[in-house]
Structure formats: structure tokens, C-alpha cells
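The values are calculated or read from the model by the stated rules, or taken from the named source; none is laboratory data. Everything numeric here is computed off the predicted structure, so don't read it as measured data. Cβ coordinates were reconstructed from backbone atoms using ideal geometry, including for glycine residues, and neighbour counts include every protein chain displayed.
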Amino acid sequence: MALYMLMADNLWRVTALNGTWNFIQANVHGIAVSGGNVGFSLFYFTSESGAPE
């Protein structure tokens, strides 16, 4: 983000990029962002005990 800020020189672009990143992480990949609970997502990941790494 810092490099993008130096390149874009626009705080609104950095904020939009971060918001888009958080949206994709939570709603597409199903990863909790900023400690929030994940509701609906396009993908659902679980870990299984005994599964190969």
C-alpha cells in the first residue's frame, strides 16, 4: 500500500484499493477481515484433521 501511495499520490485510490481488497478477501474467499465474522462467500474453506499438507 505504501508503494502504491507513493506511485498514485492520491489517498482516495489507496483507500479504494484497500476496500476492494477487504471485500474480495471476505466475500469471495471467505476469509475474516479485521476480526469480523464472514457471512456469505463464493468459496468455503475448511481444514480436515489427518489431511495431507
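Taking the criterion of being under 18 Å from LEU42 (Cα atoms) and either touching a residue at least 12 places away in the same chain (Cβ under 8 Å) or not in a helix (DSSP H, G or I) (or both), the residues of the range 14-30 that qualify are ASN22, ALA26, ASN27, VAL28, HIS29, GLY30. In the range 1-10, of all residues being of a type outside the set (Ser, Thr, Tyr), outside any loop (DSSP other than H, G, I, E, B) and surrounded by 11 or more Cβ atoms within 10 Å (Cβ to Cβ), the one that is farthest from the chain's Cα centre (by Cα) corresponds to ALA8.
Rundown of residues vs (1) at pLDDT 85 or above; (2) surrounded by 10 or more Cβ atoms within 10 Å (Cβ to Cβ), yes/no style:
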| residue | (1), (2) |
| --- | --- |
| TRP12 | yes, no |
| THR15 | yes, yes |
| ASN18 | yes, yes |
| PHE23 | yes, yes |
| ASN27 | no, yes |
| ILE31 | no, yes |
| GLY36 | no, no |
| GLY39 | no, no |
| SER47 | no, no |
